[in-house]
Amino acid sequence: MARTDTDTTPAPPATERGRRTRRKLLDAATAEFGERGFHEASIASITQRAGVALGSFYTYFGSKEAIFRDLVRDLSDGVRMAAAQRLAERDMDALDTERAALAAFLAFAREHKEIYRIIDEAEFVAPESYRAHYEEAAQRILGRLRIGAQGGQLRDDLEEAHAWAIMGMNVFLGLRYAVWAQEGDAPDEAERAAQAANSILVEGIGSKN
């Protein structure tokens, strides 16, 4: 009997071996969904890519929809952790923080270009995951903006819409300078793009004090 998306989600693996196997499946799913799209992808192809027995798939995921949802979360976590790592490298003011966060996202997207196709498909395959991906990203940006405003480095009238506007700019910069990066682009093209975006923020949300 075919499994459906209503199947009970298996518990997280309790062993290191189990966690490695689950990671292999997620990485394989990234490639499979990124290349073929959700509807053309198959559990059999994912397990083949991962080098995992077909029957073992259901130890970790209840269905193709389930691994897709978990993959959206996994990619979202990857973006968050990439930014957190970059921001932890040194103390930065509020505007430099946004530049560094964008640079981290561009670097992540260059290494994981599949993220755009997968997140776009999530709007229809896993709408709750799609919405959560963007809402949580916007909340992280808003949190940073509020810290900057409280410290007098940014305007004190910043709202949620400012965070969504910044996120929208970042998404399309990622499309151009990561997914659509061209061979003739300078090595520092993405960093220059982050700096250009930052100049817009300096004029738009920087403190006037």
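The values are calculated or read from the model by the stated rules, or taken from the named source; none is laboratory data. All values reported here derive from a predicted model rather than from experimental measurement. Cβ sites come from the backbone with ideal geometry, for glycine too, and all protein chains shown count toward neighbours. Only protein heavy atoms, including side chains, enter the accessible area calculation; ligands, DNA and RNA are left aside. Shrake-Rupley method; radii C 1.70, N 1.55, O 1.52, S 1.80 Å.
Tabulated data for the structure shown
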{"read-out": "Spacing of the two label points (7 Å from each Cα toward its C-beta) at ALA14 and GLU159, in nm", "value": "5.1 nm"}
{"read-out": "Expected 222 nm ellipticity per residue - DSSP helices of 4 or more, -39500 (n - 2.57), all of the chain, to 500", "value": "-23000 deg cm²/dmol"}
{"read-out": "Average accessible surface area per residue within the chain, 1.4 Å rolling probe, Å²", "value": "56 Å²"}
{"read-out": "Gyration tensor verdict on region 118-182 (Cα atoms; rounded if a/c is under 1.5, prolate if a/b is larger than b/c, oblate otherwise)", "value": "oblate"}
{"read-out": "Per-peptide average of other Cβ atoms within 10 Å, ordering 69-75, 173-179 highest first", "value": "69-75, 173-179"}
{"read-out": "Relative contact order computed over region 1-149 (Cα-Cα under 8 Å; 6+ residues apart), in percent", "value": "27 percent"}
{"read-out": "Calculated FRET efficiency for the pair ALA132/HIS39, C-beta based, R₀ 25 Å, to 0.05", "value": "0.70"}
{"read-out": "Lys, Arg +1 and Asp, Glu -1 on Cβ, resulting dipole of the chain about Cα centre, debye, nearest 20", "value": "680 debye"}
{"read-out": "Farthest toward positive dipole pole in the chain [+1 Lys/Arg, -1 Asp/Glu at C-beta], among GLN182, THR59, ALA126", "value": "THR59"}
{"read-out": "In nm, spacing of pseudo-spin labels at ALA31 and ALA196 (7 Å Cα→C-beta vector)", "value": "3.4 nm"}
